[in-house]
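Down below is the structure, laid out as structure tokens.
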Amino acid sequence: MSITYTVNRSRKRRKTISLQVSGNSGLIVSAPYFTPVAEIDRFVREKQNWISKTIQKHTEDSIKNKAKKYNTGEHFFYLGQSYPLEVFFEPFENAGVVFWNNSFHLNAQENKDLRKHYFVSWYKKKAREYIHQHVYFFSRELNLQPGNLKITSAERRWGSCSADNNLSFSFRLIMAPPDIIDYVIVHELTHIKEKSHSPKFWKQVEAAMPEYKAHRRWLRDNNHKFIL
Ligand SMILES: [Zn+2]
């Protein structure tokens with residue numbers, strides 16, 4: 001592993017080398033003015049575990065800070081497109097999310113958890129309808145019979161296939177573009193025949209979906225966008 005860092009050489013009476021991870025500047029090493037480069041390098045290499053743990057924690061924290069607040073003007077994904085949200089509170093009308101005229105409308109009081117709950121239920125309902133239809137289509141197309149179908153709240157996994165061929169999909173998938181959803185469906189259906197990610201498995205995925213590599217890459221690069 002190669003680590004990039006910035007060195008701050010202090011003319012003051014600093015006696016030891018120290019490390020700091022900052023959101024904007026990455027890793028900063030502070031060292032006494034005349035410390036040889038080799039010594040700084042060795043120090044950084046010795047602290048490699050601490051550095052990677054701290055950087056990972058910083059990344060996770062910055063994703064959490066970007067978490068939704070469920071206020072008017074925020075944007076939410078649905079089938080790969082992002083739509084603005086309008087929040088209002090009409091206590092005598094049905095609470096929850098409605099999607100019309102290319103925007104989300106949320107009737108809810110000022111309560112982040114409650115608002116999130118309404119969004120999750122809306123996404124789950126849409127995911128259930130959409131994914132059921134598409135699993136049905138591809139299971140006939142590929143001649144692969146799944147067991148039960150479940151919509152989960154999984155945050156890191158888009159889909160899975162159990163030993164007895166029950167398929168699970170995260171409701172978050174409904175935020176992704178249609179061809180990405182179909183790729184995940186084809187992927188999990190293929191596990192009915194091939195449980196591991198063997199070359200044989202990928203060959204079958206490719207036969208059903210020649211552009212699957214671009215979809216995989218897309219999921220890896222865009223995963224962070226679909227955090228609620
Ligand atoms: Zn898989």
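No lab work stands behind these numbers, since they all come straight from the coordinates. Please read these numbers as outputs of a predicted model, since none were measured by experiment. Glycine gets a Cβ as well: all are built from the backbone with ideal geometry, and neighbour counts include every protein chain shown.
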Whichever residue in the range 195-210 is in a loop (DSSP other than H, G, I, E, B) and free of Cβ contacts under 8 Å to residues at least 24 places away in the same chain and, among such residues, is farthest from the ligand (Cβ to nearest atom) = Pro210
With respect to Ile174, determine if the residue is touching a Lys or Arg at 6+ places or on another chain (Cβ under 9 Å), surrounded by 15 or more Cβ atoms within 10 Å (Cβ to Cβ) and among the hydrophobic types (A, V, I, L, M, F, W, C).
-> yes
Members of the range 82-127 that are within 29 Å of Asp179 (Cβ to Cβ) and touching a residue at least 40 places away in the same chain (Cβ under 8 Å) = Lys116, Phe119, Val120, Tyr123, Lys124, Lys126, Ala127
Restricting the search to the range 140-176, which residues are within 15 Å of the chain's Cα centre (by Cα) and charged (D, E, K, R)?
-> Glu155, Arg156, Arg157, Arg172
Looking only at the range 132-153, decide whether some residue is touching a Phe, Trp or Tyr at 6+ places or on another chain (Cβ under 9 Å), touching a residue at least 12 places away in the same chain (Cβ under 8 Å), within 25 Å of Tyr70 (Cβ to Cβ) and exposed (fewer than 13 other Cβ atoms within 10 Å of the Cβ).
-> yes
